[in-house]
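Below: the structure, in structure tokens.
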């Protein structure tokens, strides 16, 4: 099963995307900011990371470059 890290500070958006991806057989890990995303990526080694650019703590751009 492919693992996806979904990162966004909009809780409703995350829940909608998460439920649609899980129905299609993906394991979804969520984070609400860049710092949390970095920690979860290190712990879970996702196959794909989907992240928002405008987020608190660290932006998606800074997170991707770290």
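Descriptive notes on the structure:
- Members of the range 40-62 found to be touching a strand residue (DSSP E or B) at 6+ places or on another chain (Cβ under 8 Å), at pLDDT 75 or above and either farther than 19 Å from residue 15 by Cα or assigned to a helix (DSSP H, G or I) (or both), listed by number: 40, 41, 44, 45, 47
- Tabulated pairs, the range 9-25, first more than 16 Å from residue 36 (Cβ to Cβ), second loosely packed, with under 11 Cβ neighbours inside 10 Å and at pLDDT below 95, C-beta under 7 angstrom, 6+ apart or interchain: 25/1
- All positions within the range 1-25 that are in contact with a strand residue (DSSP E or B) (Cβ under 9 Å, 6 or more places away or on another chain), part of a loop (DSSP other than H, G, I, E, B) and surrounded by fewer than 17 Cβ atoms within 10 Å (Cβ to Cβ): 1, 2
- Considering residues of the range 27-39 that are assigned to a helix (DSSP H, G or I) and over 14 Å from residue 14 (Cβ atoms) only, the residue modelled with the highest pLDDT: 39
- Single condition residue 10 does not satisfy, out of (1) over 10 Å from the mean Cα position of the chain (by Cα); (2) more than 15 Å from residue 53 (Cα to Cα): (2)
The values are calculated or read from the model by the stated rules, or taken from the named source; none is laboratory data. Quantities reported herein were computed from a predicted structural model and do not represent experimental measurements. Note: ideal-geometry Cβ built from the backbone for every residue, glycine included; neighbour counts use all protein chains shown.
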